[in-house]
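Let me begin by presenting the structure, written as structure tokens, before commenting on it.
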2 protein chains.
Amino acid sequence: MTKKKTTALHEVDGVSQPETTNKMAADKIKATRNRQYSVDEYVSQILAGSIPFLSRAITLVESTKASHQEKANAILERCLAYANKSVRIGITGVPGVGKSTFIESYGSYLTAQNKKVAVLAIDPSSSVNKGSILGDKTRMEALVTDPNAFIRPSPSGTSLGGVAQKTRETIILCEAAGFDTVIIETVGVGQSETAVHSMVDFFLLLKISGAGDELQGIKRGIIEMADAIVINKADGDNVQNAKIAKTAFNRALHLYPPKESKWIPKVLTCSALNHEGVDKIDAMINDYLSLTKTNGSFDKRRQEQNKYWLFATIEQQLKDNFYNNTLVSEALSKAIEDLEKGTTTPFNAAEKLLKINR
Amino acid sequence: MTKKKTTALHEVDGVSQPETTNKMAADKIKATRNRQYSVDEYVSQILAGSIPFLSRAITLVESTKASHQEKANAILERCLAYANKSVRIGITGVPGVGKSTFIESYGSYLTAQNKKVAVLAIDPSSSVNKGSILGDKTRMEALVTDPNAFIRPSPSGTSLGGVAQKTRETIILCEAAGFDTVIIETVGVGQSETAVHSMVDFFLLLKISGAGDELQGIKRGIIEMADAIVINKADGDNVQNAKIAKTAFNRALHLYPPKESKWIPKVLTCSALNHEGVDKIDAMINDYLSLTKTNGSFDKRRQEQNKYWLFATIEQQLKDNFYNNTLVSEALSKAIEDLEKGTTTPFNAAEKLLKINR
């Protein structure tokens, strides 16, 4: 049975449609729309700082179509040589600490010094994305209209690994397009801050002061990853609390072994809303850069990140291939049942599952 | 050219050897040595508490020979039903904190109460193994000769995953043989404490007091894993320092989110050498057991550990299969070179490597 047509707006088969549009004009529009640019065109336009081409290339990176990915890979390999002049800053913090206000304030501070700033996000709940989804123009109002700033929401995707890969590739494109500061935002409530930490040169944890319970319920490992903790909203009645929080965080940082880079993580306060303290944060990041570029740990960290992503990508793919095998997933449910009943050991069960995929 | 014989003690070809041994006696010894016991024999002997059969079954578990592993798996599946009456205690601490003295003291305390205690180690640098390698009879002197104790060094093996699997299977055999307390020792300096944490019901971190710098250089995550921190060597001049350390550790424990089991990790002091405080540690472990067995988290933790080992085994095997492919390992070296030269992205390189294995 064919589906009943529920609209009056349909053609009758065999009756040709009247030419209501100017055919030549329509063809011209179509030709432009469908125009496929070559890898050479992409690369030269991106290197010339073209934002439309940068955006288009990011769309290729984000595409799941094989031909798009192939083109994206070719563009990326050509852009790689230009990627090393930038600094990549990761910013994390739970919702409510003022990440978008901070990025707005710090980003504007940088563009005022003729820096070019790209802002990316790694998860759909970040402020960058919320702004774009809600059309909330008050978020990063100044940066959105700043010609030296480029804001791109995180790619949609179900797996963090996939989103992280696309974000990391987008960083390379932004750098080739002349953005010397790339800020990657993440919400510090999931696994994504580990991913961000593995793609940035400097990792900043944003906090606000509370009633002395700053360290309660803090997420495992997040303080250890931080190159700096910045206590935001240090204004008005909060100034005193921020100072107390600063002491508490300084004490917490001392619980961790020294970093390989010899950098001693700092705790600073700021009021992003009043643009106070942002200059000191910038000075600290510059101190970090001159230390780590002098002692070689800047390059070393990037090299290690490359290897991290090589192995992480391989291992994620191996797992995906295995668990997406229908026979495996059926047998896996059975194996977990048997484990729960106590009739098999995890090692026996694993061996049987691995035989299926061979 | 044949190798020049450098010994005078060789036979001349074609000359038969004199019968210097009693052939019948030799055959009898060989027959006994080669006697293969059936799975049924193993299981019934282990369940009857036979230490020779327990040891022999552990040797099967540790063997890399396929026929041995098959037999071991059959024995293990039959022993599983008896595994749930025991408590598994993990003990970690850096060299010098007195792990062997502590296990000797606590183990003897338990056997004095008619408990049966098995002591296993997960890494070759633990005190259990050092004792056996060096033949150092002063280590765990009392336990070694205690009929209610069973001490087994960790299996040799290059990968932690492999050693952990064998240790976990050995636990099952010990439990089936009637050991109601299984102590697994590890040196808290590597990755092995995560493996131990994933196979025990209670995880105890052993420390000594220092000059107030107890928390300096502490290993990531290890405090978070601990169900208790015990400060050993709290005797003589150390009593006061141990009290200070106790306060510092109590403060550090408060930095972590509460455990799902509702158990609040404790800090205790003891002097294993003088057998002081060991009774309080045992009382604490009993408190833990009655809490977690009542609220269901004891069983839940074991179930989760089974799933952890199922997935960990699968994923380790997938990686081993991939990286042990000769073509892959050659291409991997090249890919890392290209990454270092900046001529490829980690994602491109990963994709190329994955194609090799397909």
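The values are calculated or read from the model by the stated rules, or taken from the named source; none is laboratory data. Computed from a predicted structure; not experimentally measured. Glycine also receives a Cβ, built like all others from the backbone with ideal geometry; neighbour counts cover every protein chain displayed. Note: areas computed on protein heavy atoms with side chains; ligands, DNA, RNA excluded. Shrake-Rupley method; radii C 1.70, N 1.55, O 1.52, S 1.80 Å.
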Subject >> Selected residue (criterion: nearest to B:S329 (Cα to Cα)) from residues of region A:309-330 that are within 8 Å of chain B (Cβ to nearest Cβ) and β-branched (V, I, T) >> reply: A:I314
Original post:
For region B:286-333, which residues satisfy the criterion of being within 21 Å of B:A228 (Cβ to Cβ), of a type in the set (S, T, N, Q) and without any contact (Cβ under 8 Å) to a residue 24 or more places away in the chain?
Top reply: B:N286, B:S290, B:T294
**OP:** Looking only at region B:57-69, decide whether some residue is closer than 19 Å to B:A149 by Cβ, within 22 Å of the chain's Cα centre (by Cα) and in contact (Cβ under 8 Å) with a residue 12 or more places away in the chain.
**Re:** yes
Original post:
Taking only pairs six or more apart or across chains, which ones have beta-carbon atoms under 7 Å, a first residue in region B:163-187 that is within 21 Å of B:P52 (Cα to Cα), and a second residue that is among the aromatic types (F, W, Y)?
Top reply: B:R168/B:W309; B:E169/A:F347; B:C174/B:F150; B:E175/B:Y82; B:A176/B:Y82; B:F179/B:F150
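Tell me, yes or no, whether region A:288-296 has at least one residue that is buried (at least 19 other Cβ atoms within 10 Å of the Cβ), more than 8 Å from chain B (Cβ to nearest Cβ) and more than 22 Å from B:Q69 (Cβ to Cβ). Steps first, please.
Kept after step one, since they are buried (at least 19 other Cβ atoms within 10 Å of the Cβ), are these residues of region A:288-296: A:288, A:292.
Filter once more, so that each one left must be more than 8 Å from chain B (Cβ to nearest Cβ): A:288, A:292.
Now restrict to residues that are more than 22 Å from B:Q69 (Cβ to Cβ): A:288, A:292.
Yes, the conditions are met somewhere in region A:288-296.
Taking the condition closer than 28 Å to B:Q303 by Cα and modelled with pLDDT of 90 or more, does B:I122 pass?
Details: closer than 28 Å to B:Q303 by Cα: yes; modelled with pLDDT of 90 or more: no.
Criteria not met by B:I122.
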**OP:** Check region A:331-342 and report whether any residue there is within 9 Å of chain B (Cβ to nearest Cβ), under 20 Å from B:K319 (Cβ atoms) and at pLDDT 90 or above.
**Re:** yes
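Condition check: touching a Leu at 6+ places or on another chain (Cβ under 6 Å) and within 14 Å of chain A (Cβ to nearest Cβ). Does B:N306 satisfy that? Even if it seems obvious, please write down each step before you answer.
Numbers: touching a Leu at 6+ places or on another chain (Cβ under 6 Å): yes; within 14 Å of chain A (Cβ to nearest Cβ): yes.
So B:N306 passes the test.
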**OP:** Would you mind telling me which numbered condition in (1) closer than 30 Å to A:K99 by Cβ; (2) out of contact with any helix residue (DSSP H, G or I) (no Cβ under 6 Å at 6 or more places or on another chain); (3) open to solvent by 40 Å² or more (accessible area, probe 1.4 Å); (4) not basic (K, R) A:T326 fails?
**Re:** (1)
Original post:
If you go through region A:345-356 one residue at a time, do you hit one that is in a loop (DSSP other than H, G, I, E, B), away from chain B (no Cβ under 11 Å) and more than 30 Å from B:T343 (Cβ to Cβ)?
Top reply: no
**OP:** At least 2 residues that are within 14 Å of chain A (Cβ to nearest Cβ) and open to solvent by less than 20 Å² (accessible area, probe 1.4 Å) in each: list the helices (runs of 4 or more DSSP H) lying fully within region B:28-122 that qualify.
**Re:** B:51-62, B:66-79
Original post:
Somewhere in region A:263-285, is a residue touching a residue at least 24 places away in the same chain (Cβ under 8 Å), in a helix (DSSP H, G or I), within 14 Å of another protein chain (Cβ to nearest Cβ) and of a type in the set (A, V, I, L, M)?
Top reply: no
**OP:** Report the residue count in region B:167-195 for those that are modelled with pLDDT of 90 or more and outside any strand (DSSP E or B).
**Re:** 14
**OP:** Go through region A:339-358 and give me each residue that's farther than 20 Å from B:N321 by Cβ and crowded, with 16+ Cβ neighbours inside 10 Å.
**Re:** A:L339, A:T344, A:T345
**OP:** Could you list all residues from region A:333-358 that are hydrophobic (A, V, I, L, M, F, W, C) and in contact with a helix residue (DSSP H, G or I) (Cβ under 6 Å, 6 or more places away or on another chain)?
**Re:** A:A335, A:L339, A:F347, A:A349, A:A350, A:L353, A:L354, A:I356
**OP:** Can you tell me which residue within region A:251-262, out of those that are open to solvent by less than 50 Å² (accessible area, probe 1.4 Å) and assigned to a helix (DSSP H, G or I), is farthest from the other protein chains (Cβ to nearest Cβ)?
**Re:** A:L253
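Does A:A226 satisfy the condition of being at pLDDT 90 or above, within 14 Å of chain B (Cβ to nearest Cβ) and within 24 Å of the chain's Cα centre (by Cα)? Write out each step before concluding.
On the way: at pLDDT 90 or above: yes; within 14 Å of chain B (Cβ to nearest Cβ): yes; within 24 Å of the chain's Cα centre (by Cα): yes.
Judged against the criteria, A:A226 is a match.
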Subject >> Per-region count, region A:312-343, residues over 15 Å from A:I356 (Cβ atoms) and part of a loop (DSSP other than H, G, I, E, B) >> reply: 2
